[in-house]
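Enquirer: Can you keep this structure in mind? I'll have questions shortly.
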Amino acid sequence: MATQWLQWAQKLQAIAQNGLTYTQNPFDIDRYQQIQQVAAEMMANVSNLEPDAILELFQQESGYATPKVDVRGAVFQNDKILLVKELFDGFWTLPGGYVDIGEPPSQAIEREVFEESGYQTKAIKLLAVYDRNHPRHNHPPFEYHIYKLFFLCELLGGSPVNSIETEAASFFAETEIPDLSLSRVVPSQISRLFDHYRNPDWQTDFD
């Protein structure tokens with residue numbers, strides 16, 4: 001039920017943001033701001049954030065509301081996958097993050113892998129495009145609607161380093177996956193990436 005409440009709140013926030021983008025009527029502006037406030041309160045009810053903090057995040061967004069784009073890199077070596085340990089929560093994830101404005105997704109994931117792990121890679125195939133909101137992925141609630149792009153990346157070189165966001169980088173066999181940062185990646189996605197690795201002719205997953 002928490003997931004459904006979150007989706008309703010995200011839709012209300014999108015309606016409010018779109019309305020504030022296009023309307024010039026002061027009465028409508030006030031109404032859309034009220035809708036935004038309600039959406040923030042709904043999200044606070046299913047998260048550990050205060051309504052004012054969520055509202056501040058909403059107010060930083062402008063223009064027509066669309067999902068954010070998160071890229072994640074699947075880097076394999078000797079049948080093991082590269083994971084990095086997040087400083088934020090102490091759990092492990094695929095290297096990755098948000099795509100910057102003006103940056104192609106393939107370049108974004110190559111940059112993120114290098115920044116978070118120290119390894120140089122080349123994106124060679126888009127393995128999956130997942131809607132973070134889809135119930136089958138079982139991510140914990142989050143304030144933004146996100147599309148997650150998983151790229152197969154060829155390892156070119158480098159060595160493990162720490163970053164401002166990560167404190168370790170290592171390769172793990174499928175049977176040795178450590179506790180994951182579930183906001184970023186879930187076990188079923190890791191398992192599916194290993195399936196793609198073993199079946200290079202598979203087409204891209206979506207939704």
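Enquirer: Let me know the volume per residue of the alpha-carbon convex hull for segment 2-59, in Å³. Don't skip to the end; give the middle numbers.
Expert: On the way: hull volume 3.4 nm³, N = 58.
Considering the Cα atoms of segment 2-59, their hull volume per residue is 59 Å³.
Enquirer: When DSSP assigns beta bridges and you keep just the ones with both residues in segment 68-206, what percent turn out antiparallel, to the nearest 5? Could the numbers behind the result be given before it?
Expert: Details: 24 of 35 bridges.
Rounded to the nearest five, the antiparallel share is 70 percent.
Enquirer: Roughly speaking, what is the stretch gain from residue 69 to residue 163, that is 0.36 nm per residue apart minus the C-alpha to C-alpha distance, in nm to one decimal? Show your work: numbers first, answer last.
Expert: Working: separation 94, 0.36 × 94 = 33.84 nm, distance 2.16 nm.
Extra length from residue 69 to residue 163 when fully extended: 31.7 nm.
Enquirer: Also, quick follow-up: Using Cα-Cα distances under 8 Å and only pairs 6 or more residues apart, what relative contact order does segment 36-181 have, in percent? Each step should come with its number before you reach the end.
Expert: Values: 279 pairs, mean separation 43.9, N = 146.
After rounding, I find 30 percent.
Enquirer: Measure off 7 Å from each Cα along the Cα-to-Cβ vector at residue 35 and residue 202, then give the distance between these two points in nanometres to one decimal.
Expert: My value for the distance between the label points is 4.0 nm.
Enquirer: Within segment 15-65, report the GluC sites (Glu not before Pro) that DSSP leaves as loop and that have at most 13 other Cβ atoms within 10 Å.
Expert: Working: sites: 41, 56, 61; in loops: 61.
For GluC sites (Glu not before Pro) across segment 15-65 that sit outside H, G, I, E and B with at most 13 neighbouring Cβ atoms in 10 Å, the list is empty.
Enquirer: Same structure again: Given only helices, namely DSSP H runs of n ≥ 4 each adding -39500 (n - 2.57), what is the per-residue ellipticity at 222 nm of the chain, to the nearest 500 deg cm²/dmol? Provide the component values of the computation, followed by the final result.
Expert: Details: 5 runs with 75 residues, N = 207.
About -12000 deg cm²/dmol.
Enquirer: What residues from segment 38-77 fall in the zone where the backbone N is under 17 Å from a label point 7 Å along the Cα-to-C-beta line of residue 25?
Expert: What the label zone holds, given the 17 Å backbone N cut-off, is no residue at all.
Enquirer: For segment 10-96, just the Cα set please: Rg and Dmax, both in angstrom.
Expert: 18.3, 62
Enquirer: Related question: How do the peptides 95-107, 178-190 rank, highest first, by the average count of neighbouring beta carbon atoms within 10 Å per residue?
Expert: Numbers: 95-107: 15.5, 178-190: 17.4.
Going by the mean number of other Cβ atoms within 10 Å, highest first, we get 178-190, 95-107.
Enquirer: So if R0 is 45 Å, what FRET efficiency would residue 18 and residue 176 give, r being the distance between their Cβ atoms, rounded to the nearest 0.05? Could the numbers behind the result be given before it?
Expert: Working: r = 46 Å, r/R0 = 1.01.
So, using R0 = 45 Å, E works out to roughly 0.50.
Enquirer: When the convex hull of the Cα atoms of segment 68-206 is projected onto a plane and the area is averaged over all directions, what value comes out in nm²?
Expert: Orientation-averaged projected area of the Cα hull: 7.9 nm².
Enquirer: Using +1 at the C-beta of Lys and Arg and -1 at the C-beta of Asp and Glu, which of 137, 92, 60 has the Cα lying farthest in the positive direction of the dipole of the chain?
Expert: My answer, from the dipole projection, is 137.
Enquirer: Counting alpha carbon pairs within less than 8 Å and at least 6 residues apart, what relative contact order, in whole percent, applies to segment 106-207?
Expert: Details: 140 pairs, mean separation 34.7, N = 102.
Rounded, it is 34 percent for segment 106-207.
Enquirer: Would you kindly state how much longer the chain becomes between residue 57 and residue 134 on full extension, computed as 0.36 nm times their sequence separation minus their alpha carbon distance, in nm to one decimal? Show your work: numbers first, answer last.
Expert: Working: separation 77, 0.36 × 77 = 27.72 nm, distance 2.25 nm.
Gain on stretching residue 57 to residue 134: 25.5 nm.
Enquirer: If you don't mind, there's one more thing I want to ask. Sort largest first and round to whole Å: the equivalent ellipsoid semi-axes of segment 125-176, each the square root of five times a Cα gyration tensor eigenvalue.
Expert: Values: eigenvalues 131, 51, 34 Å².
The answer is 26, 16, 13 Å, longest axis first.
Where a number appears in this text, it was derived from the coordinates with a stated rule and is not lab data. Just so we're clear, the structure is a prediction, and the values are computed from it rather than from any experiment. Neighbour counts run over all protein chains shown; Cβ positions are idealised from the backbone, glycine included.
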